[in-house]
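Asks: The following block contains the structure, expressed as structure tokens.
Bear in mind that the values in this text are calculations on the coordinates, not laboratory data. Just so we're clear, the structure is a prediction, and the values are computed from it rather than from any experiment. Positions of Cβ are backbone-derived with ideal geometry, glycine not excepted, and every protein chain shown enters the neighbour counts.
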Amino acid sequence: MVIDILSWVFLASGAFFMLVAGVGVLRMPDVFTRLHAAGIKDTLGAALTIIGLMLQAGLTLVAVKLALIWIFLWFTSPVASHSVARAALLGGVRPILQQTDGDGLESATESARLGDDQEGSSR
Amino acid sequence: MTLEMLFDMALVGAVVVAAAYAINAPVLIAGVFVYIVFGVLLSLVWVRLGAPDLAIAEAAIGAGITGAIVLDAARQMGMERRRNPRLRRWPGWLSWAATAAVGVIFAGVFLTVSEGRGDLPQRVQAELPRVGVENEVTAVLLSYRGYDTWFEVGVLLVAALGVLALRAPGESPARRFRWDPPAVADGAADMLVPGGILMAGYLLWQGSRGPGGAFQAGAVLAAIAVLLTLLGRPPIARVSDRARDALLVVGFADFLLVGLVAVTLGGALFEYPPAWAAPMILVIESAVAVSVAVTLSLLFAAGGAAGDASEGGVP
């Protein structure tokens, strides 16, 4: 019973971080910030979900396999994020850097819109 | 309506949307990405249909290897930024009509087959002890319909020969990417490769008991080869041409050889004697896994004109 509740807490928080990452990927202005958002899902979201599933599985072979998947993801996701970011940088994509003047929010959305426009027109 | 039905309907809807977008994407490279997503979704459909063998194969070959090949092809054709040219032209309507026709035919076939299936699953189960494996899928693939699978391995061999035929004699089919591979990915690959080989071996061995088998194991090995090719050290370039050709053929040849052994022991072709069936199937699967892996990695490594391999003036 306690394990069941714990498991659902992990699963729900995993789902929460996946949702946050999805929103982040859609809302962030450029490749690098989007990768930053996607990274949350790949590591934290996946990890919490897998822990939740392991608690459901109990002490079985399934739990061991889930642990192996977790280790695999822990190696591959950050490396994949890093490779994409590096490829983007080498491919000439520049991160959007905004000047921090008084109202940060205003200029942030402004540069975000600019970034989208640049991307759209270059296609 | 149960929760599972809701999930299934959402999944099927996502598959249809992904398929439509992959064809009609305004930018071609976006269509390629969505095609990869389509493959992943389709493997989830196989899981829901209770066919984990197909799910693994679809995820590894349909989404993974094919996705890498298509993505690579799009990149080499300079399609990253090109708009989809087929929009609003009449072949588009023709392809939609053809797709609809094929869909109707498939639906008709499915409805007839699912009605006329009868006691086939029970009969497959009943014969399993004589086949020597516990996994029905492996039994069907390698014993009940050995001919089909043998010819499938043959098709893969023909595809590999076709790729090799495009190269000048003695020219390495493996291109080398001319870039500095990221050190982080390079280091991670060193750790992933042994794990991947272990995984392939597990899938191969597991194939007689549960989901897995030659094609899945071969696809995992090929995925490792694709990773190493992207990092500038294609495994296919490390073996001599003769050894490579031998590895390409070994699955097809070994399959036939074991089938012929069955004939000399008094059965028909691919009718393995019950006492020997399990080891014979394992021998076939091991060889087929190697050939599948070498073929798939060749298909990726040999692709296109990006590397120095094709700079020698092949028209």
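Asks: Rounded, prolate or oblate: which one fits chain B, using the alpha carbon gyration tensor with axes a ≥ b ≥ c (rounded when a/c is under 1.5, else prolate when a/b beats b/c, else oblate)?
Replies: Since a/c reaches 1.5 but b/c is at least a/b, the shape of chain B is classed as oblate.
Asks: Calculate one ³J(HN,Hα) per residue across the stretch B:137-154 by plugging θ = phi - 60° into the Karplus curve 6.51 cos²θ - 1.76 cosθ + 1.60, and present them in order as whole Hz with x for glycine and proline.
Replies: 5, 4, 4, 5, 5, 9, 10, 4, 10, x, 4, 3, 5, 4, 5, 4, 4, x
Asks: Calculate one ³J(HN,Hα) per residue across the stretch B:283-291 by plugging θ = phi - 60° into the Karplus curve 6.51 cos²θ - 1.76 cosθ + 1.60, and present them in order as whole Hz with x for glycine and proline.
Replies: Karplus values, whole Hz, x for Gly and Pro: 4, 4, 5, 4, 5, 5, 4, 4, 5.
Asks: Among all stretches of chain B without exposed chymotrypsin sites (Phe, Trp or Tyr not before Pro) (DSSP loop, at most 16 other Cβ atoms within 10 Å), which one is longest? Write down the numbers at each step before the final one.
Replies: Values: sites that count: B:Phe177, B:Trp179, B:Trp276.
With chymotrypsin sites (Phe, Trp or Tyr not before Pro) excluded where exposed in loops, chain B gives B:1-176 as its longest stretch.
Asks: Could you tell me the center-to-center distance, by alpha carbons, between the stretch B:1-25 and the stretch B:136-201 in angstrom?
Replies: So the two Cα centres are separated by 31 Å.
Asks: Let me ask another. Considering just Cα atoms, how many Å³ per residue does the convex hull of the protein assembly as shown enclose?
Replies: 208 Å³
Asks: Could you tell me which of rounded, prolate or oblate describes the stretch B:182-315, using a ≥ b ≥ c as the square roots of the eigenvalues of the alpha-carbon gyration tensor, with rounded for a/c under 1.5 and, failing that, prolate when a/b is larger than b/c and oblate otherwise?
Replies: Oblate, since a/c reaches 1.5 and b/c is not below a/b.
Asks: Further question on the same structure: Under 5 Å between amide hydrogens, which residues at least 5 positions from B:Asn135 or on another chain qualify, with H placed 1.01 Å from N in the peptide plane?
Replies: Excluding prolines and chain starts, which carry no amide H, the hits are B:Arg209.
Asks: List, in order, the whole-Hz ³J(HN,Hα) value for each residue of the stretch B:33-46 obtained from phi through the Karplus relation with A = 6.51, B = -1.76, C = 1.60 and θ = phi - 60°; use x for Gly and Pro.
Replies: For the stretch B:33-46, the Karplus-derived couplings read 4, 5, 4, 5, 4, 4, x, 5, 4, 5, 5, 5, 4, 4 Hz, x marking Gly and Pro.
Asks: Using modelled amide H (1.01 Å from N, peptide plane; none on Pro or chain starts), what sits under 5 Å from the amide H of B:Val27, excluding residues fewer than 5 places away?
Replies: Amide H neighbours of B:Val27: B:Asn84.
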